[in-house]
Protein chains: 2
Amino acid sequence: MFSPVINQLIERLNCLPGVGKKSAQRMAMYLLEHDRQGGLLLAEGLQEALTKVKNCQSCRNLTEYNECHICTDLQRDKSLICIVESPADVIAIEQCGSFRGYYFVLMGHLSPIDGVGPKELGITDLIARAQGHVEEVILATNPTVEGEATANYITEKLKPLGICVSRIAHGVPVGGELEYIDGGTLSHALLSRKQL
Amino acid sequence: MFSPVINQLIERLNCLPGVGKKSAQRMAMYLLEHDRQGGLLLAEGLQEALTKVKNCQSCRNLTEYNECHICTDLQRDKSLICIVESPADVIAIEQCGSFRGYYFVLMGHLSPIDGVGPKELGITDLIARAQGHVEEVILATNPTVEGEATANYITEKLKPLGICVSRIAHGVPVGGELEYIDGGTLSHALLSRKQL
């Protein structure tokens with residue numbers, strides 16, 4: 001219905017997660033009618049990020065440098081490595097402010113059906129790194145079936161090497177109301193109760 | 001928190017309408033982790049559309065050609081011009097399939113506070129065009145205060161020239177339930193009732 005170039009832009013905006021046909025149309029119209037400069041800057045930003053950003057050589061997090069800003073920060077605690085599934089998890093943990101060690105980002109979880117095995121998650125690099133000056137490896141993969149399977153696999157690989165492995169606690173979220181918490185979480189919270 | 005290039009991408013995605021900080025972050029991560037090709041195509045699409053798309057010389061609709069595909073379609077009814085506020089309105093009317101004339105896209109509505117006057121809406125071009133082979137000008141601006149004001153202004157300009165001007169009907173939407181329709185629309189529907 002629109003001209004070919006506009007239709008093409010709408011289709012390509014449609015590829016963004018959470019953007020349907022109508023939102024894509026609204027975005028295209030907004031950029032064309034009110035913010036061409038912003039749209040061109042976005043195009044540049046996309047090109048720059050998508051061509052320059054790669055994985056950090058030591059933790060696999062996304063960065064345009066060879067090593068990310070966390071791995072190059074020498075003030076951190078070398079004896080701790082926290083294993084997470086994605087770069088967004090690193091941000092979440094950094095924002096909570098309770099961790100001052102380094103990270104290892106798997107960039108996914110074990111999922112044989114999608115062809116994601118230990119090799120794709122860089123487990124060999126992780127084992128090599130954990131054998132350095134590391135005292136404890138904290139598994140902070142997601143509390144999902146795949147995340148748990150990945151955590152179990154890594155535990156089985158690291159334990160025999162004499163590395164201390166821990167898993168972040170699961171239970172009722174702080175500030176939540178018991179009434180609205182799902183049964184699985186509640187069972188887990190009861191089973192993992194701590195004596196006071 | 002992310003690397004500078006990723007932060008820049010997130011900020012620029014944040015400029016899209018309906019995209020907040022969290023969605024922008026999710027989009028950036030999705031493109032970087034799963035769809036770099038799609039992201040680069042989007043960058044190209046943005047650049048192409050934002051540099052090539054301009055206003056149609058005769059109806060002011062958005063197009064990369066000198067005249068849009070509707071204005072160059074000679075099968076249409078030359079005697080009718082429908083005036084709308086935006087390109088999306090043209091699509092909506094085209095999709096309903098009840099109009100086979102030409103359009104004139106104001107690309108906005110009268111809004112003195114934002115510096116949008118008759119000149120910005122191309123009213124002079126509209127008057128020149130309406131004095132051609134046009135028998136009727138249909139005002140399909142939005143049923144808002146600004147849309148109504150714009151429709152009134154255009155009526156006042158065209159009527160003295162002996163041009164037949166009409167306004168699309170306002171009333172209860174077809175398929176709607178009276179119970180859920182706002183009072184203003186209902187009053188309008190009652191006042192504009194048609195004898196059967």
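Every number here is computed from the coordinates shown, using simple stated rules; none is lab data. Owing to the predicted nature of the structure, the values given are computational and were not obtained by experimental measurement. Please note: Cβ atoms are built from the backbone with ideal geometry, for glycine as well, and neighbour counts cover all protein chains shown.
Here are the numbers:
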{"item": "Proxy reagent accessibility, fewest Cβ within 10 Å first, across A:ARG12, A:ARG76, A:ARG193", "result": "A:ARG193, A:ARG76, A:ARG12"}
{"item": "Rh by Kirkwood over Cα pairs, then Stokes-Einstein D for the protein assembly as shown at 0.692 mPa s and 37 °C, µm²/s", "result": "127 µm²/s"}
{"item": "Residues B:GLU67 and B:LYS21, FRET efficiency given R0 of 45 Å [Cβ-Cβ distance, rounded to 0.05]", "result": "0.65"}
{"item": "Hull volume in cubic angstrom per residue (convex hull over the Cα atoms of region B:36-119)", "result": "144 Å³"}
{"item": "Dimensionless Rg/Rh of chain B - Kirkwood Rh, Rg from C-alpha atoms", "result": "1.07"}
{"item": "Length-normalised contact order of chain B in % [C-alpha pairs under 8 Å, at least 6 apart]", "result": "13 percent"}
{"item": "Cβ-Cβ FRET estimate between B:GLU136 and B:LYS54, R0 fixed at 41 Å, reported to 0.05", "result": "0.90"}
{"item": "Percent antiparallel among DSSP beta bridges (both partners in chain A, rounded to 5)", "result": "20 percent"}
{"item": "Cα long-axis angle, helix A:36-52 against chain A (0 to 90 degrees, to the nearest 10)", "result": "40 degrees"}
{"item": "Whole-number percent relative contact order across region A:76-167, with pairs defined as alpha carbons under 8 Å at least 6 apart", "result": "32 percent"}
{"item": "Mean-position separation - Cα centroids, region A:1-65 and region B:110-176, in angstrom", "result": "35 Å"}
{"item": "Pair A:ASN7, A:THR144: separation of 7 Å Cα→Cβ label points (nm)", "result": "3.6 nm"}
{"item": "Amide hydrogen neighbours beyond the local backbone of B:LEU62, cut-off 5 Å, H modeled", "result": "B:CYS56"}
{"item": "Residues A:SER98, A:SER23, sorted so that the one with the fewest Cβ neighbours within 10 Å comes first", "result": "A:SER98, A:SER23"}
{"item": "Closest approach to the A/B rotation axis among chain A Cβ atoms, residue and whole-Å value", "result": "A:ALA43, 2"}
{"item": "Computed [θ] at 222 nm, deg cm²/dmol, chain B (DSSP H ≥ 4; -39,500 (n - 2.57); rounded to nearest 500)", "result": "-13000 deg cm²/dmol"}
{"item": "The protein assembly as shown: antiparallel DSSP beta bridges as a percent of all, rounded to 5", "result": "20 percent"}
{"item": "Point-to-point label distance, B:GLU179-A:ALA128, nm (Cα→Cβ direction, 7 Å offset)", "result": "6.8 nm"}
{"item": "Tilt relative to chain B, helix B:87-96 - C-alpha long axis, 0 to 90 degrees, to 10", "result": "60 degrees"}
{"item": "Antiparallel DSSP beta bridges within region B:76-167, as percent of all bridges there, nearest 5", "result": "5 percent"}
{"item": "Among the listed pairs A:LYS22/B:LYS54; B:LYS78/B:LYS157; B:LYS22/B:LYS54; A:LYS52/A:LYS159; A:LYS78/B:LYS22; B:LYS119/B:LYS157, those beyond 25 Å (Cα-Cα)", "result": "B:LYS22/B:LYS54; A:LYS52/A:LYS159; A:LYS78/B:LYS22"}
{"item": "Residue order, fewest to most surrounding Cβ atoms within 10 angstrom, among A:VAL145, A:VAL134", "result": "A:VAL145, A:VAL134"}
{"item": "Percent of C-alpha pairs per 10 Å bin, region A:76-167, short to long", "result": "17, 54, 27, 2"}
